[in-house]
Ligand code: MSP
């Protein structure tokens, strides 16, 4: 058995002035599937998500509602937590940037950067995107036609005296990083974009603001609050207590650093791929292993927008959950989502097709077919692979192309490799392919015909055992994506499996299903009327 390995996976921390939508749910679900699989495989996993609560936007929204920014943050952070818990997400902590543990540590880190000379006071003028709280260079602003790429509102000319982080000093070290670690940023298309921007040369980044007060104060100058992006990036290490080696948090969690994956959306890659590593270099802290920037969900062929009515907000998601169930939603997110370099299109018709083809007709159908035959031909008592009374040389059945122990072992290996690389759709496809193979096996061996011939009991037994066993192994691989349904399947096979024990690879050995166990017929994924959840609905 491999040694338990520390793994740390993070989502971006979400702005509290937004309402949770498919984008937030998606990134968090991606991390959840990875975390579940890795824990099941015996690793020591820490999965972090949370909320980004400071900044001008929060201050303004709170003012507009006549409440304090803290009240607004409390309300919305609670809403994010409530919503995320609806999706069976297994995060180990939920960090909030208004938490004193975070605030204190950010100040300690910033003080260290002041001491090392990586931060200086300077004058700045530039094109500012008020919605994104981000400055653009002249070239970039021109390219954007002086409009925010996100909100489309005009960029404003802003001038400030600010503290700066000396990003420009890290140009060559960052270039080296990208050269030496080609997988530091994935997917490759995103890495190439960053390399292109790096070649244009780095400018220092503002690290403080004076135009609002809702933030963490500069430790040396209370007139200034720390820029919300800098504050936010630190969450990944303040959650582990890295600024306070004597703290309990540090004792318990410092072992998780460096992060295995920072999973983010492509629009916030620059901060994660360039600013963040430079800050860590300045602090002498090890860099994360990989920053993974997925693409975007669009909806019914177009960018999601409230005015177009194709926005997949919580209400829309809830329609899918009530018609198809949570596992179907998770399955769609993971197998059809924009984890690669292309945006993915969320479409009601496509959702229905995938649900029906993959979950109803493949996973559900195969499980019900096999369990039903065991109930019908063996009174619901699982026969052994080789122990039928009349066992002969033809048993166990080993048809050409169906050497089950090998097929399963190789499937498990490939699936594990895919998860390790965060290739989640490919990992799911391995589980599904195994189930399709069971269907092909049943079609080739025709157990329902053998059942009519008493002299073929041993073959019938072997076929059903092998089918049930292969489905059980597929279910272990699919559990991180569709946990409730796979747990229901385990119950029908009288298996008590606890993924928290980290025994995936032992459980995935061929022969784990004990002959003689009780088997019940299962119906996992009910057929659903098309368009029942459509966005128009
Ligand atoms: N607070 C910053 C992140 C700071 S991390 C140190 C932020 N927050 S956010 O609320 O705007 O969340 C952005 C994240 O939501 C994206 O990076 C992505 O993970 C997710 N998505 C938002 N819209 C999305 C889609 N349409 N599709 C997929 N995910 C997207 O930025």
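The values are calculated or read from the model by the stated rules, or taken from the named source; none is laboratory data. Everything numeric here is computed off the predicted structure, so don't read it as measured data. Note that each Cβ is placed from the backbone with ideal geometry, even for glycine, and that neighbours are counted across all protein chains shown.
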Taking the stretch 38-49 on its own, how many of its residues are within 16 Å of the ligand (Cβ to nearest atom) and touching a helix residue (DSSP H, G or I) at 6+ places or on another chain (Cβ under 6 Å)?
-> 2
Would you please name the residue that is farthest from the ligand (Cβ to nearest atom), looking only at residues in the stretch 294-305 that are assigned to a loop (DSSP other than H, G, I, E, B) and crowded, with 16+ Cβ neighbours inside 10 Å?
-> 300
Restrict the check to the stretch 256-264 and report whether at least one residue is surrounded by 16 or more Cβ atoms within 10 Å (Cβ to Cβ), at pLDDT 95 or above, over 21 Å from residue 186 (Cβ atoms) and touching a helix residue (DSSP H, G or I) at 6+ places or on another chain (Cβ under 7 Å).
-> no
Would it be correct to say that residue 163 is surrounded by 19 or more Cβ atoms within 10 Å (Cβ to Cβ) and in contact with a strand residue (DSSP E or B) (Cβ under 9 Å, 6 or more places away or on another chain)?
-> yes
Identity of the residue in the stretch 327-356, within 11 Å of the ligand (Cβ to nearest atom) and part of a loop (DSSP other than H, G, I, E, B), that ends up surrounded by the most Cβ atoms within 10 Å (Cβ to Cβ) | 339
Within the set of pairs 6 or more residues apart or between chains, which connect a residue that is within 9 Å of residue 47 (Cα to Cα) inside the stretch 84-97 to a residue that is part of a loop (DSSP other than H, G, I, E, B) with Cβ atoms less than 9 Å apart?
-> 93/239
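Restricting attention to the stretch 132-148, report how many residues are in contact (Cβ under 8 Å) with a residue 60 or more places away in the chain and surrounded by 14 or more Cβ atoms within 10 Å (Cβ to Cβ).
Qualifying residue count for the region: 4.
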Of the listed residues (61, 85), the one being modelled with pLDDT under 95, within 14 Å of the ligand (Cβ to nearest atom) and surrounded by fewer than 21 Cβ atoms within 10 Å (Cβ to Cβ) is 61
Read through the list (1) at pLDDT below 95; (2) surrounded by fewer than 18 Cβ atoms within 10 Å (Cβ to Cβ), then give the number of the only condition that residue 112 fails.
-> (1)
When residue 35 is evaluated against the numbered criteria (1) surrounded by 23 or more Cβ atoms within 10 Å (Cβ to Cβ); (2) within 9 Å of the ligand (Cβ to nearest atom), which criterion, by number, is the only one it fails?
-> (2)
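Residue-wise test of (1) free of Cβ contacts under 8 Å to residues at least 24 places away in the same chain; (2) within 16 Å of the ligand (Cβ to nearest atom); (3) over 22 Å from residue 167 (Cβ atoms).
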site	(1), (2), (3)
223	yes, no, yes
254	yes, no, yes
271	no, yes, no
281	no, no, no
Selected residue [at pLDDT below 95 and either surrounded by 23 or more Cβ atoms within 10 Å (Cβ to Cβ) or on the phi < 0 side of the Ramachandran plot (or both)] from 17, 99 | 17
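Here's the yes/no breakdown for (1) under 19 Å from residue 337 (Cα atoms); (2) part of a loop (DSSP other than H, G, I, E, B); (3) within 13 Å of the ligand (Cβ to nearest atom); (4) at pLDDT 95 or above:
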| site | (1), (2), (3), (4) |
| --- | --- |
| 285 | no, yes, no, yes |
| 288 | no, yes, yes, yes |
| 292 | yes, no, yes, yes |
| 307 | no, yes, no, no |
| 310 | yes, yes, yes, no |
| 318 | yes, no, no, yes |
